[in-house]
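Written out below as structure tokens is the structure these notes cover.
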Amino acid sequence: MFYTVRGLLKDRGVRLEDTAYRNCNEQMLDFRIASGDFYEIPDVSDGILRFKNAADLLCYNMLCEQLPPLKRIVFRHKEMFPYYGENLVKICEGLKNEPESVCVEGGPCLFGEHEVTAVIELNDGSSYFFDYSTGKKYHDQENGAYAQTDLDLAGFMEQNGENIKDIVFHNHKTGLTYQEYLHVFFPFAVANALQAALVMTLPDMSYRKYLEYCLRYLRKDLREKTVKGFEEILYHISDMYLELIDELRKVLAVKGFVLVHGRDQKMLDLFYEKRAPFIEKNKVLRSLTSNTAKLESIKDYISMPALPYYIFGSKYIIEVNSMDETDSYRKCRKFHKKDTVMGCILFPELLSEDGINTLYCTTPEYKDYGKFKSELEEL
């Protein structure tokens, strides 16, 4: 579903002029937000919407009131977005009292729907087609050349492991979307404005873990072949982000920078070692997901916001990411609340030119790869 700030207030019988949003940009008020209706208004005196009891929905000026250094960010569209902010006043206090203990964390998803697909061929000659990002099966590809199944990718491999002849991955991603640019730009911009360090993640290791789980019933030679083919695509896409990161580092200086990704085993070992006391508990693990295929990946996602604490010992952490990461942020904050002050600036997913889907969900012809380059040149 899509919502707007104006519409959410109206549905709750609250007049815009009676809320803290009365002076916000009109584009922000009418921005179409892709989310579930997980909003409430805890305090009728200001009318501020709260999302998933985790962060307040704010316009850019409201962000800056709580964290004034954000005024330094140069970004042509910054006032048109709604943002989800939490604990920004506490982060501001940390900047004043313990500036060296403030760090920003963030990073992109590597690819979205319709960008990396898998074709599974069985011994009987039938083939099945899946989207890797969602695990969903596709029907009627290439005029019905692929058979139909009601199983997702993990379930299909589990049920048909002994009958799988081959698995081939296809990469349809030819560049980065504007949304993916923002996932890298915003953490750099915030860290630069706060004059703080930045930890960024490229979660290729998490994508790989899901595949390894799916392949566990296949014979060894096919597992190794499949992982190798997938890694070629995975690391090719990761390299696109590495190139963008290099460009941003030239123009948005940060006090310290660490990148965590699957090809830096030393950093991964540190990540897993440091998070273990917080995450590797039965009580915590049971609360994460009932989907065992995605458990290892989810363990990564819900502990990534704490990476500044693991790496630098940072007390004040600000997660800058997509609002789709609200649950990960909320859980991470809960599990580390005794050791850190964790806040966030989350931003919405952008609507694609198809007018129906977000850039993440739309098909490649509407992804608008490379559209961000003119803004990158302006920095």
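The values are calculated or read from the model by the stated rules, or taken from the named source; none is laboratory data. Since the model is a prediction, treat every value here as computed from it, not as a measurement. All Cβ positions, glycine included, derive from the backbone under ideal geometry; neighbour counts span all protein chains shown. Please note that ligands, DNA and RNA were not included when accessible areas were found on the heavy atoms of the full protein model with its side chains. Shrake-Rupley method; radii C 1.70, N 1.55, O 1.52, S 1.80 Å.
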For the Cα atoms of the chain, what angle does the longest principal axis make with the long axis of helix 326-335, in degrees from 0 to 90, nearest 10?
-> 80
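Which value, in Å to one decimal place, does the Kirkwood hydrodynamic radius take for region 1-107 when every pair of different Cα atoms is included? The partial results should precede the final answer.
On the way: mean 1/r = 0.0675 Å⁻¹.
So the Kirkwood estimate lands at 14.8 Å.
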Checking rank on 206-212, 112-118, with mean other Cβ inside 10 Å and highest first, the result is 112-118, 206-212
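Roughly how many Å² is the accessible area per residue of region 279-379, as a whole number, for a 1.4 Å probe? Present the calculation step by step, with values, prior to reporting the outcome.
On the way: 4590 Å² over 101 residues.
Per-residue value: 45 Å².
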Between helix 178-194 and the chain: long-axis angle, C-alpha atoms, 0 to 90°, nearest 10 | 40
Would you please give the FRET efficiency between GLU93 and ASP239, computed as 1/(1 + (r/R0)^6) with r the Cβ-Cβ distance and R0 = 25 Å, to the nearest 0.05?
-> 0.05
Enter the Cα centre distance for the pair region 342-356 and region 35-98, rounded to the nearest angstrom.
-> 15
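For the ranges 231-237, 32-38, what's the packing order if you count other beta-carbon atoms within 10 Å of each residue, average per peptide, and put the highest first? Show your work: numbers first, answer last.
Numbers: 231-237: 17.7, 32-38: 14.4.
Those peptides, ordered most packed to least, come out 231-237, 32-38.
Taking R0 as 22 Å, what's the FRET efficiency between GLN148 and VAL168 from their Cβ-Cβ distance, rounded to 0.05? Spell out each step's value before the answer.
Working: r = 19 Å, r/R0 = 0.85.
For GLN148 and VAL168, the calculated efficiency is 0.70.
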Residue-normalised 222 nm signal for the chain, counting each DSSP H run of n ≥ 4 as -39,500 (n - 2.57), nearest 500 deg cm²/dmol, is -11500 deg cm²/dmol
Filter on LYS274/LYS315; LYS71/LYS334; LYS90/LYS281 - keep pairs with C-alpha separation over 22 Å | LYS71/LYS334; LYS90/LYS281
In degrees, nearest 10, the alpha-carbon axis of helix 220-251 is tilted away from the dominant principal axis of the alpha carbons of the chain by 30
Express the carbon and sulfur contribution to the solvent-accessible surface of the chain as a percent, rounded to the nearest whole number, probe 1.4 angstrom.
-> 47
Within straight cross-link reach of LYS165, meaning Cα distance under 30 Å, which lysines are found once same-chain residues fewer than 8 apart are removed?
-> LYS136, LYS137, LYS173, LYS209, LYS220, LYS225, LYS228, LYS294
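Keeping every protein chain present and rolling a 1.4 Å probe, give me the accessible area per residue for region 1-86 in Å². Mind dumping the intermediate values first?
Numbers: 4330 Å² over 86 residues.
Result: 50 Å² of accessible area for each residue.
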Over region 196-274, give the accessible area per residue in Å² for a 1.4 Å probe, as an integer.
-> 48
Round to a whole angstrom and tell me the spacing of the C-alpha centers of region 281-320 and region 213-272.
-> 18
In Hz, Karplus ³J(HN,Hα) per residue of region 57-74 (6.51, -1.76, 1.60; θ = phi - 60°; x = Gly, Pro) = 7, 9, 8, 5, 4, 5, 4, 5, 4, 7, 9, x, x, 5, 4, 6, 5, 9
Would you kindly derive the ³J(HN,Hα) couplings of region 202-211 from the backbone phi angles with the Karplus curve 6.51 cos²θ - 1.76 cosθ + 1.60 (θ = phi - 60°), listing them in order in whole Hz, with x for Gly and Pro?
-> 10, x, 5, 5, 6, 5, 5, 4, 4, 5
Residues meeting the amide H criterion for PHE257 (H placed from the backbone, H to H distance under 5 Å, 5 or more places apart or on another chain) are LEU198
